[in-house]
Amino acid sequence: MPTDDHVTDLLPAYALGCLDEEEAGAVVVHLASCDTCRAELRTYQATCGELVHVAPTATPSRELKGRVMAAARQARSTQPAAASPSLPERIAGLLRLRAPAWGAVGLALVTLLIVSNVWWWQRSTGPSAVTLDSGMRVIDMAGVGAASEASGTLVISDDGEYGTLVVDGLPSLPADRQYQLWLIRDGQRTNGGVFSVSLEGYGALVVASPDPLSSYPGFGVTIEPAGGSPSPTGDQVLAGTL
Amino acid sequence: MADADYAALDDGTLIRLIALAREDALSELYDRYVRLVFSLALNVVGDASTAEEITQDVFVRVWEHATQYRADLAGVSTWLTSITRHRAIDALRRTGARPDRNAVTWAEVAPAEEPAVGGPEVATTLALESARVRAAVSELSPEQKQVLVLAYFQGLTQSQIAEALGMPLGTVKTRVRLAMQHLRAALGDLALA
């Protein structure tokens, strides 16, 4: 969708999370390169945040606070393990998500995963990149630097032509910044597309590439000015190898 | 730091202290917003036990991921309710249940009947917000309220709403769009505060 073809009319429903998948996917793709619509979306998201005040109020049991504080202590003591779920667990979690930002995932990632029966891979361990029986490749991208808790998964189709990146745990960025995927080969870094993440740190990108993705042995994500840069200029947050 | 000091801190400061693993800060945030979080979860899933599980999940997630909060993108209450709503709708979809008995109807939206939670300042702020939001929603047509409820509290897509109500998809889309545009205009500075 061209950048000048705004998705203004779809943004109210997108903010509410009630767009159907195809339209949500179109919005996600458009938002990746449109400052105007991202700013417009933010106003609707803020409006959605206020709707909670219409719900009739209710009070939970007195015991709940004790359980929350105990669970928080437990989570803190086991955080390293909890912060590193296996790739299949993450993919399973991502597939269960139905937040608005996952409309594009529904279109691209789910199709790829279902076709390839990625669940078979669940018993695989260790390597950061795996080739499934179907020929589809799943590349585990690890958080680096200040984003060490972040993670990503790049799924490349069996013919190497198409790819989808999904990320989790990346900090939301100011309006003038976006994440940018780099395709790395022979020391050269080629733009793979720009994306933003939700308040919860989720994001998705349908990867654009001049050459088959399978021809790039390395991948990285950096923080760049909104719209992307010709070459990396900001901090790296994710890294992975084929 | 004494309890009284935490009660005097603003939401953003509490989140920064939570990121530093200060349990008292989490305790204070819980006191301020647990009713908001629990009420939203309950209105989505319709079951108190599940709503408590979701509430616990939300506050533990805040505890673990406080460093990801961006004050320039959303207020703390917006962040909390966004997480809550996604978790609750996810739970609703997993079970396949539709809590019609407890569903919010918004048919009789009136000024807030009681302040919410937390200290006097937070309670007053939440009560004022509630009154303004209720006033704005009360200006919507019954048809617009109906589609908003199904989208916001039950997580239905526009196609599912059209099917559930037996009306053209285009009509649902128009109602959603006009309702949200009205609310955005009516709430304006409040929503972006």
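The values are calculated or read from the model by the stated rules, or taken from the named source; none is laboratory data. All figures in this text were calculated on a predicted structure; none of them were measured in a lab. Note that we place each Cβ from the backbone using ideal geometry, even for glycine, and neighbour counts take in every protein chain shown.
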*Residues of the range A:20-51 satisfying the condition of being in contact with a Ser or Thr (Cβ under 9 Å, 6 or more places away or on another chain), part of a helix (DSSP H, G or I) and of a type in the set (Asp, Glu)*: A:Glu21, A:Glu40, A:Glu50
*asked:* Can you go through B:Glu23, B:Glu64, B:Glu52 and tell me which one is at the interface with chain A (Cβ under 8 Å from one of its Cβ atoms) and surrounded by fewer than 18 Cβ atoms within 10 Å (Cβ to Cβ)?
replied: B:Glu23
*From the residues in the range A:212-229 that are more than 17 Å from the chain's Cα centre (by Cα) and without any contact (Cβ under 8 Å) to a residue 60 or more places away in the chain, which one is nearest to A:Thr164 (Cα to Cα)?*
A:Leu213
_So if I check each of B:Val44, B:Val76, which one is crowded, with 24+ Cβ neighbours inside 10 Å and more than 7 Å from chain A (Cβ to nearest Cβ)?_
B:Val44
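Given the condition within 19 Å of the chain's Cα centre (by Cα), within 11 Å of another protein chain (Cβ to nearest Cβ) and in contact (Cβ under 8 Å) with a residue 12 or more places away in the chain, answer yes or no: does some residue in the range A:23-34 qualify?
Yes, that holds for at least one residue.
Residues checked against (1) under 19 Å from A:Leu16 (Cβ atoms); (2) at pLDDT 90 or above:
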| site | (1), (2) |
| --- | --- |
| B:Ala4 | no, no |
| B:Ala8 | no, no |
| B:Ser27 | no, yes |
| B:Leu40 | yes, yes |
| B:Ala51 | no, yes |
| B:Asp57 | no, yes |
| B:Trp63 | no, yes |
| B:Trp79 | yes, no |
| B:Ile89 | yes, no |
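May I ask you to say which residue of B:Glu108, B:Glu121 is modelled with pLDDT of 65 or more and among the acidic types (Asp, Glu)?
Working: B:Glu108 fails: modelled with pLDDT of 65 or more.
Testing whether each residue is modelled with pLDDT of 65 or more and among the acidic types (Asp, Glu) leaves just B:Glu121.
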*Could you tell me whether the range A:11-19 includes any residue that is more than 7 Å from every other protein chain (Cβ to nearest Cβ) and surrounded by fewer than 22 Cβ atoms within 10 Å (Cβ to Cβ)?*
no
*Say we look at the range B:130-176 and pick out the residues that are under 25 Å from B:Leu36 (Cβ atoms) and in contact with a Gly (Cβ under 9 Å, 6 or more places away or on another chain); which of these is nearest to the other protein chains (Cβ to nearest Cβ)?*
B:Ala151
*When residues of the range B:57-84 are filtered for being farther than 17 Å from A:Glu50 by Cβ and not small (Gly, Ala, Ser), how many remain?*
14
